[in-house]
Structure formats: C-alpha cells, structure tokens
There are 2 protein chains.
Amino acid sequence: MSDTTATTPRGREATRQRLLDAAAEVFAEVGLDATSVESVCERAGFTRGAFYSNFASKEEMFLELAASVARSRVAEVEARVTELAGEGTLEATPATAVALVERVLDLPGDDRLGVLLMSEIRIHALRNPAMAEAFLEQDRELGRNIARMIGDIARASGLRLALPQDQVAQLLLLVWEGTMTRAVMAGRDRLGARDEVQKSLAGVVPLLIAGSD
Amino acid sequence: MSDTTATTPRGREATRQRLLDAAAEVFAEVGLDATSVESVCERAGFTRGAFYSNFASKEEMFLELAASVARSRVAEVEARVTELAGEGTLEATPATAVALVERVLDLPGDDRLGVLLMSEIRIHALRNPAMAEAFLEQDRELGRNIARMIGDIARASGLRLALPQDQVAQLLLLVWEGTMTRAVMAGRDRLGARDEVQKSLAGVVPLLIAGSD
DNA sequence: GTCTATAGAGGGATAGAC
DNA sequence: GTCTATCCCTCTATAGAC
C-alpha cells in the first residue's frame with residue numbers, strides 16, 4: 001500500500017510533524033533562545049536522539065517552522081480570497097465590507113499562541129537578513145491577495161477606494177496585526193481579540209472604501 | 001558641592017547608566033535571553049562584579065531598562081505636543097498635518113536599534129503580565145498625548161475628525177510602529193525608514209482628518 | 001565600588017546501543 | 001529511527017581580594 005522505502009515510511013514524517021507542533025508551542029511560550037531541545041522533545045513524547053535524527057539543529061528547525069507557518073498563512077488567505085471570488089458574494093457597503101475582510105484574515109491559529117509565534121518569528125527576521133527576506137515576501141504575498149479581494153469588492157459594489165489597492169491592503173494587515181497584538185497583551189481570549197479587531201476595522205474600512213457609483 | 005553620601009557619589013550613577021546604555025544595545029542586537037551579562041559589561045568597560053553591585057540580575061535590569069525607555073518616550077512626546085500647542089502653529093490642512101504628526105512621533109533613538117529594543121520589550125510584555133500592564137499603560141499615555149494634539153489641530157484648523165480622537169491616535173501609533181518595523185526589516189536606514197513612514201502617513205492622515213467648513 | 005576566581009547548573013550536540 | 005550516556009562549553013551568581 002504505502003511505499004516502504006526505508007524503515008518507518010510514514011512514521012518519520014509523523015515524528016517530524018509532532019516535533020514541529022511541539023516546537024511551535026514552546027517557541028511561542030518562551031522564545032527560541034529560552035527553548036531547550038529537551039523541552040520540545042518532552043512535549044512531543046520523544047528524546048533528543050529523535051530530534052537530531054530529524055533536524056540539524058534548533059535554529060535549522062526554527063527556520064523550517066517559520067517557513068511552514070508562512071506557507072500556511074499565504075495558502076489559507078489565497079484560498080479564502082479565491083473562494084470568496086467564486087461565490088460572487090462580493091457586493092458590500094462600506095459597513096458590511098468589514099465582515100468580508102474578517103472572513104479572509106481570521107486565520108486558524110491566530111490565537112494567543114499564534115500571535116506569540118508570529119512575534120517570535122518577526123523579531124528574528126528583524127535580526128536576520130535571510131529571514132527578513134522570507135518574512136517580507138510572505139507579507140507581500142498576503143498583501144497581493146488582500147489587494148485582489150479589495151479590488152473585487154470595490155468593483156462588484158460600485159465603491160471607490162480612497163487609496164491604491166496595495167496601500168489599502170498593507171494598511172489592513174497592519175491594523176489587524178497591531179490590534180491583535182495589543183488584544184493578546186491585554187489578556188483577551190480568542191473571542192475578545194476578534195472583538196477588538198472588528199472594532200478597529202469597523203472604524204478604518206469605511207474610510208478606505210468610500211461609496212461612489 | 002555635590003552630596004558625598006557614600007563612597008562614589010556620582011560615579012555609581014555613571015556606572016549604572018553606562019551599563020544600561022550598553023545593555024540597551026546588546027538586548028536590541030541579540031535579545032534578552034541570548035545576552036550574557038559578560039557581553040554587556042565588556043561593552044560598558046566593566047566586569048561582572050560591577051554589574052552585580054548595581055543590579056540584582058539580568059532580568060531585573062531588563063525591567064528597569066524597559067521602564068526607563070517607556071518613561072523617556074512618553075515624556076518626549078508629551079513635551080513635543082505641549083511645545084506645539086504653545087507655538088500656536090497648529091493650523092494645518094489634511095495634507096500638512098502629516099508633518100505635525102511626524103514632528104511629534106519621530107522620537108530620538110527610533111532607528112534600527114530602537115525598533116529592535118522596542119520589539120524585544122514588546123515580546124516580553126506579551127509573555128509577562130506585569131510587563132504587559134506597564135507596556136499598555138505607556139501605549140495609552142502616548143495615545144492620550146497624540147489624541148490631544150489631533151484635537152488641537154482639528155480645532156485650530158476647522159477640520160473634522162473621521163473617527164473619535166482616541167481611535168485616530170491609536171491608529172496613527174499603529175501605522176507608525178508597523179511601518180517602521182517593516183522598513184527596518186527591509187534594511188532601510190534612518191532616513192529611508194522616515195521616508196516610508198511619511199508615505200504611509202501621507203495616505204492615512206488625510207482620510208482621518210477630513211476638511212469641513 | 002570594582003576586580004578575579006570559582007562554584008554550580010544547564011543545555012547543545014554527538015556516539016553508540018538496540 | 002529512537003534511546004541512553006556523555007562530552008564540553010557557556011553562563012549566572014557568589015565570595016573574597018584590593
């Protein structure tokens with residue numbers, strides 16, 4: 001059935017994944033430098049031997065995790081934008097456009113741990129040119145997808161954008177990120193954070209999408 | 001002249017300050033956890049003995065540094081807002097208001113190292129409730145001052161705000177921070193970063209301050 | 001008040017058993 | 001492929017000299 005190339009064909013992938021999942025939690029909770037390989041292994045139910053059989057080092061694993069998170073986020077947003085475009089449910093007023101933006105940007109794992117993990121990735125990107133390039137590329141890719149959605153909404157609804165698509169998209173991402181961060185810092189849970197983000201967007205989005213037709 | 005209470009009256013304060021300055025750099029460059037007390041002392045021109053004579057631990061020093069940075073930022077912004085109000089130079093159009101906002105928010109030390117240090121402080125605040133409270137209080141205080149300035153400008157210029165003062169202020173801070181972070185990550189120098197921030201603000205500010213009478 | 005020396009703990013990475 | 005044992009280095013924090 002499944003291809004049995006080496007010794008534990010799907011076991012290896014499963015181990016890698018369990019280690020990566022555990023690492024995502026620990027990295028988020030205490031940061032890369034304060035994370036011991038042992039603590040990751042413990043949470044995943046392995047010992048250090050398994051870790052070093054799958055990853056060259058703690059840093060290499062962090063890079064892989066960051067890349068994986070970036071891919072997931074971009075793919076998820078792209079899928080939602082495409083889905084939205086396919087549904088043809090893009091008619092909106094400046095007020096109801098907020099819900100569409102929320103539907104696209106409310107990513108899975110964008111809870112307390114997710115925000116912490118993204119913050120951890122971001123600060124390492126600030127210090128590491130290679131990571132910075134990858135981070136900014138993810139940011140641009142997210143921006144392109146949001147810009148596409150914004151453009152679709154404006155076109156379908158006869159609304160005029162107050163700023164160029166790209167700038168609107170970057171602004172939305174920035175408001176989302178900043179508001180989420182502040183909400184998490186204030187101890188809001190997932191619902192409370194969503195609430196604050198919605199309030200922020202409800203203020204900003206109508207200014208960006210002015211009615212015209 | 002100066003009060004000679006103990007042994008080295010102003011020498012002690014000078015040592016503390018040199019250690020704090022050195023620590024600010026190292027914390028920014030590599031992060032709290034990757035910082036060794038030794039590296040801070042080396043940069044300040046001392047050895048570990050001097051450090052532990054002045055600070056209880058690395059963490060305690062970080063807290064003190066974070067508090068000091070927060071105080072400076074709040075004080076600087078407040079001083080500029082008050083200065084601006086005193087000058088009576090608050091007449092502005094939606095376009096020229098950008099320069100006033102810039103003049104207040106372009107803080108000293110808001111270069112690459114400053115952004116890194118604030119990011120480091122922020123991520124620890126995300127993980128530490130006590131630091132979070134202090135960080136959010138600084139944020140609110142900055143917001144109050146910006147809101148005051150925004151209100152003054154609108155009143156003096158006969159402009160109408162598109163959103164409540166507080167929300168406008170928070171949005172400006174958020175745009176400032178997000179744009180600066182992205183600019184630093186892209187490797188922009190101080191001038192390049194200012195440029196990007198100005199472009200962002202030039203887009204957003206006119207939407208927030210709509211002309212009326 | 002600052003320096004040198006050192007104790008003591010922790011963690012990254014490797015080697016070899018199974 | 002995973003586990004156990006271990007090497008070795010780094011770092012925090014303290015004790016005592018000056």
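The values are calculated or read from the model by the stated rules, or taken from the named source; none is laboratory data. Worth saying up front: this structure is predicted, and the values here are computed from it rather than measured. Please note: Cβ atoms are built from the backbone with ideal geometry, for glycine as well, and neighbour counts cover all protein chains shown. SASA here: full protein model, heavy atoms, side chains in, ligands and nucleic acids out. Shrake-Rupley method; radii C 1.70, N 1.55, O 1.52, S 1.80 Å.
Would the range B:149-158 turn up any residue that is among the acidic types (Asp, Glu) and over 23 Å from A:Ala130 (Cα atoms)? Let's see the steps before the verdict.
Taking the range B:149-158 first, the residues among the acidic types (Asp, Glu) are B:152.
This time we only want the ones that are over 23 Å from A:Ala130 (Cα atoms), so: B:152.
Yes, the conditions are met somewhere in the range B:149-158.
Filter the range B:172-190 down to residues that are at the interface with chain A (Cβ under 7 Å from one of its Cβ atoms) and of a type in the set (A, V, I, L, M), then give me how many there are.
Looking only at that region, the number is 5.
What number goes with the only condition from (1) assigned to a helix (DSSP H, G or I); (2) over 15 Å from the mean Cα position of the chain (by Cα) that A:Met180 does not pass?
Result: A:Met180 passes all but (2).
Of the conditions (1) touching a Leu at 6+ places or on another chain (Cβ under 9 Å); (2) among the charged types (D, E, K, R); (3) near DNA strand C (Cβ under 10 Å from one of its atoms), B:Lys58 satisfies every one except a single condition; which number is it?
So the condition that B:Lys58 fails would be (3).
Scanning the range B:19-31 for residues that are under 21 Å from A:Ile121 (Cβ atoms) and open to solvent by less than 10 Å² (accessible area, probe 1.4 Å), which turns out nearest to DNA strand C (Cβ to nearest atom)?
Of all residues in the range B:19-31, those under 21 Å from A:Ile121 (Cβ atoms) come to B:27-31.
Now narrow it down to the ones that are open to solvent by less than 10 Å² (accessible area, probe 1.4 Å): B:27-28, B:31.
Details: B:Phe27: 19, B:Ala28: 22, B:Gly31: 14 Å.
The qualifying residue nearest to DNA strand C (Cβ to nearest atom) is B:Gly31.
Considering only residues that are away from DNA strand D (no atom under 13 Å from the Cβ) and either in a helix (DSSP H, G or I) or surrounded by fewer than 17 Cβ atoms within 10 Å (Cβ to Cβ) (or both), which ones fall in the range A:32-53?
Selection gives A:Ser39 alone.
As an exercise: evaluate A:Ala75 against (1) within 14 Å of chain B (Cβ to nearest Cβ); (2) away from DNA strand C (no atom under 11 Å from the Cβ) and give the number of the one condition it does not meet.
(1)
Out of the range B:54-92, which residues are of a type in the set (Ser, Thr, Tyr) and either modelled with pLDDT of 95 or more or open to solvent by less than 60 Å² (accessible area, probe 1.4 Å) (or both)?
Within the range B:54-92, B:Ser57, B:Ser68, B:Ser72, B:Thr82 qualify.
Residues are listed down the side, and each one gets a yes or a no for (1) free of Cβ contacts under 8 Å to residues at least 24 places away in the same chain; (2) among the basic types (Lys, Arg):
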site: A:Asp152; (1), (2): no, no
site: A:Leu159; (1), (2): no, no
site: A:Leu163; (1), (2): no, no
site: A:Leu174; (1), (2): yes, no
site: A:Ala186; (1), (2): yes, no
site: A:Lys199; (1), (2): yes, yes
site: A:Ala202; (1), (2): no, no
site: A:Pro206; (1), (2): no, no
site: A:Ile209; (1), (2): no, no
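Return the residues of the range B:126-142 that are open to solvent by less than 10 Å² (accessible area, probe 1.4 Å) and in contact (Cβ under 8 Å) with a residue 24 or more places away in the chain; say none if nothing qualifies.
Scanning the range B:126-142 gives a single hit, B:Leu142.
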